[in-house]
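One structure is given below, encoded as structure tokens.
Quick note: the coordinates plus some simple rules give every number you see, no bench work behind them. The structure presented is a predicted model; accordingly, all values stated were derived computationally and were not measured. Heads up, the Cβs are rebuilt from the backbone with ideal geometry, glycines too, and the neighbour counts pull from every protein chain shown.
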Amino acid sequence: MLSKEKTMEAIEIMYDMFPDAACELTHKSPFQLLIAVILSAQATDISVNKATPALFAAYPTPETLAAAPVEDIIQKIKTIGLYRNKAKNIKACAAQLLERYNGEVPKTREELTSLPGVGRKTANVVMGDAFGEPAIAVDTHVERVSKRLRICKLDASVMEVEQTLMRKIPKELWVKTHHTMIFFGRYHCLARNPKCDICPLLSMCQEGKTRMSGK
Ligand code: SF4
């Protein structure tokens, strides 16, 4: 496993590669970010960004979304995976925001995860991006990159990946690192064809060395 020092060395290199890494989900408020992140589960940000302009134009606030007919929400998000469940969840989530939080998005993980369709990863994204609270959301890219570089154990659960990253990375860098690792995984250390041959991390990456030796 990579030490704390080596982990930060690797992450600093990723910062240099992707200095502009940031949330790619289009949103204009914490509420819209929350809804976009719920919609992004098992879907690409690109597919979510194609659907949300029409959704948010029609239903920009918790009040309007909570009052929307589910069938109409379905029509607006049907290009996104799992759209039926997601339509019910985002309507119910908007209603809960109104009932319990005066129409505001709550800031704590406990409150966020009590909302329909909101798991720990979604809560972490909202905490970090909407409110600047330190949190590391472990999505498929963060998990893959962490495991390939042996920042965490290969058989680590998502929760263990998150805990390992929190242990090895200073708190003030959690949100930045989350975005940077997503960009690194999305555009460089891709799931099927990672760019090991041009990777500046190859010398410290067990996965990359194994892949390159097989070529
Ligand atoms: Fe990913 Fe390959 Fe770089 Fe390792 S060497 S981090 S597997 S791209």
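Over region 33-153, what is the mean sequence separation of C-alpha contacts under 8 Å (at least six apart), divided by residue count, expressed as relative contact order in percent? Contact order relative to length: 22 percent. Averaging the Cα positions of each part gives two centres, and for region 17-68 and region 99-139 these lie 14 Å apart.
Working from Cα pairs under 8 Å separated by at least six residues, relative contact order for the chain is 23 percent. Which net charge results when you count Lys and Arg as +1 and Asp and Glu as -1 among the other residues whose beta-carbon is under 14 Å from that of D155? Its environment carries a net charge of +3. Summing charges over all other residues whose Cβ lies under 10 Å from the Cβ of K6, with Lys and Arg as +1 and Asp and Glu as -1, gives +1.
Taking Cα centre as origin and charging only the Cβ of basic (Lys, Arg, +1) and acidic (Asp, Glu, -1) residues, the dipole magnitude of region 30-131 rounds to 340 debye.
A helix-only calculation puts the chain at -18000 deg cm²/dmol for mean residue ellipticity at 222 nm, using -39500 (n - 2.57) for each DSSP H run of at least four residues, averaged over all residues. Using the alpha-carbon positions of the chain, Rg (one decimal) and Dmax (whole number) come out as 18.5, 58 Å.
Magnitude of the charge dipole for the chain, about its Cα centre and with charges confined to Cβ atoms of Lys, Arg (+1) and Asp, Glu (-1), is about 740 debye.
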